[in-house]
Amino acid sequence: MVELEEQQIVEEAQRDPARFADLYDRHFDRVYAFIARRVRDRHVAEDLTSEVFHHALAHLPRFEWRGAPFGAWLMRIAANTVADHWKSQAQAQRKGEELAREPGDVPADELEAADERARLFRHVRRLPAEQRLVIVGRFVKEKSIREIAQELGKSEGAVKQLQLRALENLRKRLEEAHD
């Protein structure tokens with residue numbers, strides 16, 4: 001059912017590129033999580049994720065439904081984009097060694113890890129605004145409690161309380177999602 005729905009969305013996007021936004025929304029978290037795990041730099045991960053979707057949109061008319069999900073095609077593009085990134089980094093540093101494995105199919109355990117991170121990102125986005133800001137500040141931007149307190153105009157104790165509530169909220173949501 002889900003695969004049939006996705007196939008329909010892909011076909012609509014092939015006829016009307018404005019419909020690509022639906023595919024972007026559906027797959028962004030997974031692609032970003034996959035890339036972020038490999039490059040460990042938020043800005044580079046954002047740039048590479050953008051490249052993946054730009055490439056996918058540009059080549060969407062040539063995409064053929066062959067039984068594999070559209071997401072698998074995107075993940076292959078993502079793997080190749082990351083490999084290209086590391087190759088260009090190696091060339092820029094004038095190193096002769098290969099830093100990335102050869103592009104190709106993405107192992108199932110890596111796809112599963114990317115899916116888990118994507119689920120976590122979705123839950124973080126649903127947190128109340130201040131809790132979300134604290135979690136992103138602490139764990140994505142790696143800021144101190146003091147820095148976040150200054151940004152939010154709150155005491156360090158209040159930020160610690162927000163962080164505790166956010167983590168409890170996330171744990172509860174994740175447990176509910178696994179039931």
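The values are calculated or read from the model by the stated rules, or taken from the named source; none is laboratory data. Every value quoted in this text rests on a predicted model; they were computed, and no experiment measured them. Neighbour counts run over all protein chains shown; Cβ positions are idealised from the backbone, glycine included. Side chains included, ligands, DNA and RNA excluded: accessible areas come from the protein's heavy atoms. Shrake-Rupley method; radii C 1.70, N 1.55, O 1.52, S 1.80 Å.
Brief remarks follow.
- Proximal lysines to Lys172, defined as alpha-carbon separation beneath 25 angstrom and excluding residues fewer than eight positions away on the same chain: Lys141, Lys143, Lys160
- Accessible area per residue was computed with a 1.4 Å probe on protein heavy atoms; Ser50 scores about 70 Å².
- Restricting segment 43-84 to trypsin sites (Lys or Arg not before Pro) in coil, as DSSP defines it, with at most 12 other Cβ within 10 Å: Arg66
- Label sites at Asn80 and Phe63, each approximated as a point 7 angstrom past Cα along Cα to Cβ, lie 1.3 nm apart.
- Kirkwood hydrodynamic radius computed over the chain comes to 18.4 Å, based on all pairs of distinct alpha carbons.
- The length gained by stretching the chain between Leu164 and Ile9 to full extension, at 0.36 nm per residue less their Cα-Cα distance, is 51.8 nm.
- When you count the other C-beta atoms within 10 angstrom of each residue and take the mean per peptide, 157-163, 39-45 line up highest first as 157-163, 39-45.
- Cross-link partners for Lys87 among the lysines, with Cα-Cα distance under 18 Å and sequence neighbours closer than 8 places in the same chain left out: Lys95.
- Virtual spin-label span in nm between Leu152 and Phe139, 7 Å along Cα→Cβ: 1.4 nm
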